Amino acid sequence: MFDLVADIEKYPEFVPLCEHLTVRSRREKDGRQLVVASMGVGYRKIRETFTTQVLLNRGELKIDVKYLDGPFKWLDNRWRFEPTGPASCDVHFFIDYEFSSRMLAVVMGAMFDAAFRRFTAAFEERARVVYGLPTA
């Protein structure tokens, strides 16, 4: 599952609201990979792009996302993977954010909240597709 979540270039194929993703830079540091990426999200006529720094730490099975630029006041996003068997794990996903504009919060807030609630299902379905897992 770590690999599936770390494959951010594939997000436009299955992540709710994600229309495009551009990797700006990628480098290795101390056995970890640091990726700067911009994600374009949209709903109906509204489009926004934001940039994050993603720290992929395979050794500790952690992915930490740091907000750099875009329509948010802040964005805090973390993934943790706890092995539960030879081919299984529990995935812990956390996201918290606030839009910088009250108007944007009104227009996009409820839609973003709904999309983030669908993240779990989107990643579970992606795992079924990628790993050939049976449907629940």
**Q.** Tally of residues being part of a loop (DSSP other than H, G, I, E, B) and open to solvent by less than 90 Å² (accessible area, probe 1.4 Å) across the range 79-132
**A.** 3
Q: Exactly one condition in (1) in contact with a Pro (Cβ under 9 Å, 6 or more places away or on another chain); (2) exposed (fewer than 14 other Cβ atoms within 10 Å of the Cβ); (3) in a strand (DSSP E or B) is not met by Met39; state its number.
A: (2)
Q. If you check Glu19 against the conditions, is it under 22 Å from Phe112 (Cα atoms) and either open to solvent by less than 30 Å² (accessible area, probe 1.4 Å) or assigned to a strand (DSSP E or B) (or both)?
A. yes
Q) Is there any pair linking a residue in the range 1-21 that is touching a residue at least 12 places away in the same chain (Cβ under 8 Å) to one that is of a type in the set (Lys, Arg) and open to solvent by 60 Å² or more (accessible area, probe 1.4 Å), with Cβ under 7 Å and at least six apart or on different chains, and which? A) Phe2/Arg58; Pro16/Arg118
Q: Please work out if Glu48 is out of contact with any Gly (no Cβ under 6 Å at 6 or more places or on another chain), touching a residue at least 60 places away in the same chain (Cβ under 8 Å) and either among the charged types (D, E, K, R) or surrounded by fewer than 16 Cβ atoms within 10 Å (Cβ to Cβ) (or both).
A: yes
Q: Looking at (1) open to solvent by less than 50 Å² (accessible area, probe 1.4 Å); (2) aliphatic (A, V, I, L, M); (3) over 18 Å from Val15 (Cα atoms); (4) assigned to a strand (DSSP E or B), find the lone condition where Leu68 falls short.
A: (1)
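The values are calculated or read from the model by the stated rules, or taken from the named source; none is laboratory data. Please read all numbers here as calculations on a predicted model, not as lab measurements. Ideal geometry is used to build each Cβ from the backbone, glycine not excepted, and the neighbour counts take in all protein chains shown. Surface accessibility is based on the protein's heavy atoms, side chains included, excluding ligands, DNA and RNA. Shrake-Rupley method; radii C 1.70, N 1.55, O 1.52, S 1.80 Å.
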